[in-house]
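See below for the structure under consideration.
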Amino acid sequence: MFLDEADWQRHIFIDGSWAPGSGGTAPAVEPATGAELGEIGVADPGDVARAAESAAAAQRAWAAVPHTERAAVLRRAARLWAEHAEDVAWWNVREVGAVPGMAGFAVHVAEQECHEAAALPGRPYGELLPSEEPRLSMATRTPAGVVGVIAPFNVPLILAIRSVAPALALGNAVILKPDPRTAVTGGVTIARVFEEAGLPAGLLQMLPGGADVGEAIVTHPLVRVISFTGSTEAGRKVGELAGRHLKRAHLELGGNSAMIVLADADVDEAVNLAAWGSFFHQGQICMTTGRHLVAEGIYDAFVERLAAKAAGLPVGDPAGGAAALGPVIDAGQRDKIHALVTGSVEQGASLAAGGTYEGLFYSPTVLAGATPGTPAFAQEVFGPVAPVARFGGLDEAVALATATEYGLSLGIVTRDAMRGLELARRIPTGIVHINDQTVSDEANSPFGGVGASGTGSRFGGAAANIEAFTETRWITMRGQAPTYPF
């Protein structure tokens with residue numbers, strides 16, 4: 001298996017080779033057991049400077065190679081994800097705490113992201129423009145240069161590769177900073193795949209590290225575009241810092257997505273959607289269904305059945321294969337979840353299910369009687385918690401759905417799909433799923449949110465990727481120089 005090789009242990013990936021990081025090492029820890037799985041290298045700001053110089057030098061040659069060569073590298077990378085799927089999924093289960101289904105899905109998406117990216121180099125890279133002058137006028141797309149990709153812990157493979165693959169395909173170099181807590185899944189595997197795929201040295205630098213490394217990537221003058229996925233609080237800091245240095249920052253941030261269940265919905269179908277939307281991957285997904293808005297007439301039945309569903313879901317070590325939910329990432333995240341749950345009960349919500357934990361295993365939790373003032377309803381929990389609020393008419397549903405600064409995803413459950421579409425038009429979000437819950441991802445689809453959820457759809461799909469990772473140049477050409485008045 002390609003991760004059995006010892007090269008990556010205690011190393012970062014810089015200038016095309018595995019080398020010790022100037023920030024020392026850190027353990028790769030299994031959250032389910034606390035066991036140490038290996039050691040990663042840790043970078044410091046000095047490593048960022050070295051990586052940026054190397055990346056900028058390599059990028060100039062990469063942008064000049066025929067588009068077919070770039071596409072071939074991405075196709076080889078896609079095949080390697082499939083070839084090494086078992087190994088990568090194992091790390092996703094052990095290091096991230098993903099259940100096997102989620103771990104396998106992440107590898108599938110990584111493969112698809114590379115297939116989609118492989119098509120980008122062959123797309124038209126400009127257009128001809130009409131001109132009042134006797135000249136050829138055109139707008140062309142050119143690589144941005146060096147792209148900084150800062151990815152989070154929760155779904156580390158998907159949330160890194162969705163920027164790494166298209167950025168490389170479009171002729172850029174990439175400096176990737178995975179979260180140190182999940183740096184093997186979200187960093188080492190990507191570096192190894194592209195190394196094996198034949199990507200030229202220097203085009204992908206992989207630097208696990210803390211906030212100082214992230215800041216160094218954002219501020220280094222050779223890094224021209226930042227792709228950041230993480231919390232809204234951190235994203236605001238990244239956006240502000242990037243703006244101060246006149247750089248584009250594509251921000252995919254937090255969410256507190258609502259699922260609206262209308263009175264005509266089938267309750268059992270809605271409960272199935274609700275449980276998956278709130279409890280899948282322990283709720284550690286930006287698109288997680290964080291608020292359930294249920295019509296008055298079916299509210300009591302919905303709460304009762306969702307609570308029963310939550311109570312019956314097995315929670316445990318995902319490496320055992322039987323768990324529906326694994327561990328949350330660390331004690332800090334667990335304590336944040338529990339504080340929001342207990343605070344919600346203190347504010348008047350009732351605990352219909354869950355609200356307990358053992359170690360890092362938090363039980364699926366249902367909070368009935370939620371209101372906009374309930375902490376777990378008002379804030380992003382990032383845990384397996386389902387606050388449920390009731391509404392009377394559609395206007396009240398809209399008011400509850402929009403009582404948030406976030407605008408990432410929206411689910412609407414109804415037998416009248418056209419009414420669902422009309423309702424969706426009244427609620428600003430980047431993503432809408434009618435007759436589904438809020439969590440979904442496909443490599444060829446635009447992804448992003450509005451408001452506190454980010455800067456729009458700058459991830460996924462050809463149009464978004466080309467916009468994100470290239471610059472537009474205006475070029476004119478004359479056969480003969482004009483004569484001006486002086």
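Between ALA386 and THR365, VAL366, LEU367, the built amide H atoms are under 5 Å apart, and every one of these is 5 or more places off in sequence or on another chain. For LYS309, the aspartates and glutamates whose Cα falls under 18 Å of its own Cα, not counting residues fewer than eight places away in the same chain, are ASP266, ASP268, GLU269, ASP300, ASP436.
Test of understanding: express the Cα radius of gyration of the range 111-157 as a ratio to 2.2 N^0.38 Å, with N the residue count. Show your work: numbers first, answer last.
Numbers: Rg = 17.5 Å, N = 47, 2.2 N^0.38 = 9.5 Å.
Dividing the Cα Rg of the range 111-157 by 2.2 N^0.38 Å gives 1.84.
Computed with a 1.4 Å probe over protein heavy atoms only, the accessible surface of the chain comes to 39 Å² per residue.
The 3J(HN,Hα) values that the Karplus relation (6.51, -1.76, 1.60; θ = phi - 60°) gives for the range 168-178 are, in residue order, 5, 4, 8, x, 9, 9, 10, 10, 9, 10, x Hz. Gly and Pro appear as x. Cα convex hull, the range 377-478: 156 Å³ per residue, rounded to a whole number.
Provide the gained length on full extension for the span LYS336 to ALA211, in nm with one decimal, where the gain is 0.36 nm per separating residue minus the Cα-Cα distance.
Working: separation 125, 0.36 × 125 = 45.00 nm, distance 2.02 nm.
Net length gain for the segment: 43.0 nm.
Evaluating 6.51 cos²θ - 1.76 cosθ + 1.60 at θ = phi - 60° for every residue in the range 417-431, the Karplus couplings come out as 4, 5, 5, x, 5, 5, 5, 4, 5, 8, 10, x, 8, x, 9 Hz, glycine and proline recorded as x. Could you give the Stokes-Einstein D for the range 307-442 in µm² per second, using the C-alpha Kirkwood radius, 20 °C, 1.002 mPa s? Answer from the Stokes-Einstein relation: 132 µm²/s.
Among TYR357, TYR406, the order of accessible area from largest down is TYR357, TYR406, computed with a 1.4 Å probe on protein heavy atoms.
Taking only C-alpha pairs under 8 Å that are 6+ residues apart, what is the relative contact order of the chain in percent? Could you put the intermediate results ahead of the total?
Numbers: 1181 pairs, mean separation 80.8, N = 486.
The value is 17 percent.
Can you order the peptides 101-113, 236-248, 307-319 by their average number of other Cβ atoms within 10 Å per residue, highest first?
Top of the packing list down: 101-113, 307-319, 236-248.
Find the relative contact order for the range 1-155 and round it to a whole percent, using C-alpha pairs within less than 8 Å whose residues are 6+ positions apart. If you can, show how the numbers build up before the last one.
Details: 184 pairs, mean separation 30.5, N = 155.
Reported relative contact order: 20 percent.
May I ask what percent, to the nearest 5, of DSSP beta bridges between residues of the chain are antiparallel? Spell out each step's value before the answer.
On the way: 31 of 70 bridges.
Looking only at bridges with both residues in the chain, the antiparallel portion is about 45 percent.
Using just the helices of the chain, give the 222 nm mean residue ellipticity in deg cm²/dmol: DSSP H runs with n ≥ 4 each add -39,500 (n - 2.57), and the total is spread over all residues, rounded to 500. Write down the numbers at each step before the final one.
Details: 15 runs with 181 residues, N = 486.
One gets -11500 deg cm²/dmol as the mean residue ellipticity at 222 nm.
What is the sum of charges around VAL48, taking Lys and Arg as +1, Asp and Glu as -1, for the other residues whose C-beta is under 12 Å from the C-beta of VAL48? Display every interim value, and only then the final one.
Values: positive: ARG50, LYS177; negative: ASP44, ASP47, GLU53, ASP212, GLU215.
It works out to a net charge of -3.
Identify the GluC sites (Glu not before Pro) of the range 1-43 meeting these criteria: DSSP loop state and at most 10 other C-beta atoms within 10 Å of the C-beta. If you can, show how the numbers build up before the last one.
On the way: sites: GLU5, GLU36, GLU39; in loops: GLU5.
Sites meeting the loop and neighbour criteria: GLU5.
Backbone amide hydrogens, once placed in the peptide plane, bring TYR362 within less than 5 Å of VAL328, excluding anything fewer than 5 places away on its chain. Highest average first, the peptides 251-260, 139-148 ordered by how many other beta carbon atoms sit within 10 Å of their residues are 251-260, 139-148.
Give the residue list of GluC sites (Glu not before Pro) in the range 423-486 that are DSSP loop and have at most 15 other beta-carbon atoms within 10 angstrom.
On the way: sites: GLU442, GLU467, GLU471; in loops: GLU442.
Sites meeting the loop and neighbour criteria: GLU442.
Taking 22 Å as the straight-line reach from the Cα of LYS237, the lysines in range (excluding those fewer than 8 positions away in the same chain) are LYS177, LYS247, LYS336. For the range 39-53, putting each phi into the Karplus relation 6.51 cos²θ - 1.76 cosθ + 1.60 with θ = phi - 60° gives couplings of 10, 9, x, 10, 8, 10, x, x, 5, 4, 4, 5, 5, 5, 4 Hz, in residue order, rounded to whole numbers and with x for Gly and Pro.
Dividing the mean sequence gap of close Cα pairs (under 8 Å, 6+ apart) by how many residues the range 231-338 holds gives a relative contact order of 22 percent.
The values are calculated or read from the model by the stated rules, or taken from the named source; none is laboratory data. Note that the structure is a prediction, hence the values are computed from the model and not measured. Positions of Cβ are generated from backbone atoms using ideal geometry, with glycine treated the same way; all protein chains shown enter the neighbour counts. These accessible areas exclude ligands, DNA and RNA; they are computed on the full protein's heavy atoms, side chains included. Shrake-Rupley method; radii C 1.70, N 1.55, O 1.52, S 1.80 Å.
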